[in-house]
1. Cβ-Cβ under 7 Å, sequence separation 6+ or interchain: first residue in the stretch 95-113 and basic (Lys, Arg), partner in a helix (DSSP H, G or I) and surrounded by 16 or more Cβ atoms within 10 Å (Cβ to Cβ). Which pairs?
2. Return the residues of the stretch 33-50 that are within 24 Å of the chain's Cα centre (by Cα) and of a type in the set (Asp, Glu); say none if nothing qualifies.
3. Among the residues of the stretch 68-113, write down those that are over 13 Å from the mean Cα position of the chain (by Cα), among the aliphatic types (A, V, I, L, M) and open to solvent by 50 Å² or more (accessible area, probe 1.4 Å).
4. I'd like to check something: does the stretch 51-59 contain any residue that is touching a helix residue (DSSP H, G or I) at 6+ places or on another chain (Cβ under 6 Å), surrounded by fewer than 18 Cβ atoms within 10 Å (Cβ to Cβ), assigned to a helix (DSSP H, G or I) and not basic (Lys, Arg)?
5. If I ask for residues that are assigned to a loop (DSSP other than H, G, I, E, B) and touching a helix residue (DSSP H, G or I) at 6+ places or on another chain (Cβ under 6 Å), which ones from the stretch 1-27 would you list?
6. Sort out which residues of the stretch 28-44 are in a helix (DSSP H, G or I) and either surrounded by 13 or more Cβ atoms within 10 Å (Cβ to Cβ) or of a type in the set (A, V, I, L, M, F, W, C) (or both), and write them in order of number.
7. Return the residues of the stretch 71-113 that are modelled with pLDDT under 85 and hydroxyl-bearing (Ser, Thr, Tyr); say none if nothing qualifies.
8. Could you go through the stretch 26-41 and let me know if any residue there is of a type in the set (Asp, Glu), within 22 Å of residue 76 (Cβ to Cβ) and out of contact with any strand residue (DSSP E or B) (no Cβ under 8 Å at 6 or more places or on another chain).
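The values are calculated or read from the model by the stated rules, or taken from the named source; none is laboratory data. Quick caveat, the model's predicted, so the values are computed rather than measured. Reconstructed Cβ throughout: ideal geometry from the backbone, glycine too, with neighbour counts over all protein chains shown. The protein model used for the area step is the full one, side chains on, heavy atoms only, and it has no ligands, DNA or RNA in it. Shrake-Rupley method; radii C 1.70, N 1.55, O 1.52, S 1.80 Å.
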Amino acid sequence: DAAAVLDAADRLRRAVNETDVALHAATRQTDGDDDDAKARRALATTSKDALLQALRATCEARLAANDTDALAAALADLDKWVDTANSSNPADARLRASLDRLRHRPGLALKTI
């Protein structure tokens, strides 16, 4: 059920501290022997993975509903974290191609895949 997926994804997003995830993504620090820093970075990595999972689940639910505008908005939200146009994740390419298909742009959909 799309509503249940959207609700679960929303709850997951609220549980993630996006500011900490963004800070982790924007910095490349060597933690050396600092166990606390290593733990914080591990948590940020896990949080980012959960955030991306929630964002992709939202996209999938919007796609299942054939809601072009909502899918476009959800993909724009995902694009804040991942460049879906150039991602190595096949799910991102499929979501982008599906949006092009919903917008009646089959040539772009084929190019994306």
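1. Here the result reads 96/75; 96/112; 101/109; 103/68, each pair linking the stretch 95-113 to a residue that is in a helix (DSSP H, G or I) and surrounded by 16 or more Cβ atoms within 10 Å (Cβ to Cβ).
2. Of everything in the stretch 33-50, just one residue is within 24 Å of the chain's Cα centre (by Cα) and of a type in the set (Asp, Glu), namely 49.
3. 108, 110, 113
4. Checking the stretch 51-59: not a single residue is touching a helix residue (DSSP H, G or I) at 6+ places or on another chain (Cβ under 6 Å), surrounded by fewer than 18 Cβ atoms within 10 Å (Cβ to Cβ), assigned to a helix (DSSP H, G or I) and not basic (Lys, Arg).
5. To start, the set of residues in the stretch 1-27 that are assigned to a loop (DSSP other than H, G, I, E, B) comprises 1, 16-17, 27.
Listed by number, the list holds a single entry, 16.
6. Matches in the stretch 28-44: 37, 39, 40, 41, 42, 43, 44.
7. Scanning the stretch 71-113 gives 87, 112.
8. Of all residues in the stretch 26-41, those of a type in the set (Asp, Glu) come to 31, 33-36.
Next, from what is left, pick out any that are within 22 Å of residue 76 (Cβ to Cβ): none.
Checking the stretch 26-41: not a single residue is of a type in the set (Asp, Glu), within 22 Å of residue 76 (Cβ to Cβ) and out of contact with any strand residue (DSSP E or B) (no Cβ under 8 Å at 6 or more places or on another chain).
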